[in-house]
Amino acid sequence: MVDDTSTARSHLMAPPALPDGAELVMRVMPLPADSNANGDIFGGWIMAQVDLAGAVLPSRIAKGRIATVAVNQFIFKQPVSVGDLLSFYARVTRIGTTSVTVHVEVHAERNPANVHVVKVTEANLTYVAIDRNGQPRALPKD
């Protein structure tokens, strides 16, 4: 017998509507060590994960080293709990001469018995391409 429920459930594993032009760049599940005394995940831990996820597309564009130069906006919409499966979606919003700005949205899959997905965080970050000496360099033209 074929289990058709896996196909029916698969649409529940992503946000109801992906951000325009966004790409899934990372998934991670926070652990108890990432939580504070109230059981919520530390905001700094989430920020670090967003920085890692946000760097994926700029590093492809830069074809080399990049550095985070600005966190232009960071919004925590809902707390994150141990056991939430976080999906990080990124899209490039601006490409300059040496820098790339990215919008990152974080969605949490909650309650495995009755999965629902909520947006928990969004941020805008800017990365700059750097040379081996850590100095800004022009992005490749191709």
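Summary of computed values
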quantity: GNM flexibility winner over the chain from 46, 75, 61 (Cα, springs under 10 Å); calculated: 75
quantity: Estimated FRET transfer efficiency when R0 is 41 angstrom, pair residue 131-residue 38 (beta carbons, to 0.05); calculated: 0.40
quantity: Kirkwood Rh and Cα Rg combined as Rg over Rh, evaluated for segment 5-129; calculated: 1.00
quantity: Net charge over other residues, Cβ less than 10 angstrom from the Cβ of residue 131 (K, R count +1; D, E count -1); calculated: +3
quantity: Fully extended contour minus Cα-Cα distance, from residue 59 to residue 94, at 0.36 nm per residue; calculated: 11.2 nm
quantity: Calculated FRET efficiency for the pair residue 119/residue 70, C-beta based, R₀ 22 Å, to 0.05; calculated: 0.50
quantity: Eligible lysines near residue 77 by straight Cα distance, threshold 16 Å, same-chain separation 8 or greater; calculated: 119
quantity: Summed residue charge, Cβ within 15 Å of residue 64's Cβ, Lys/Arg positive, Asp/Glu negative; calculated: +4
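Every read-out reported here was derived from the displayed coordinates using simple, explicitly stated rules and does not represent laboratory data. From a predicted model like this one, the values you see are computed outputs, not experimental measurements. Positions of Cβ are backbone-derived with ideal geometry, glycine not excepted, and every protein chain shown enters the neighbour counts.
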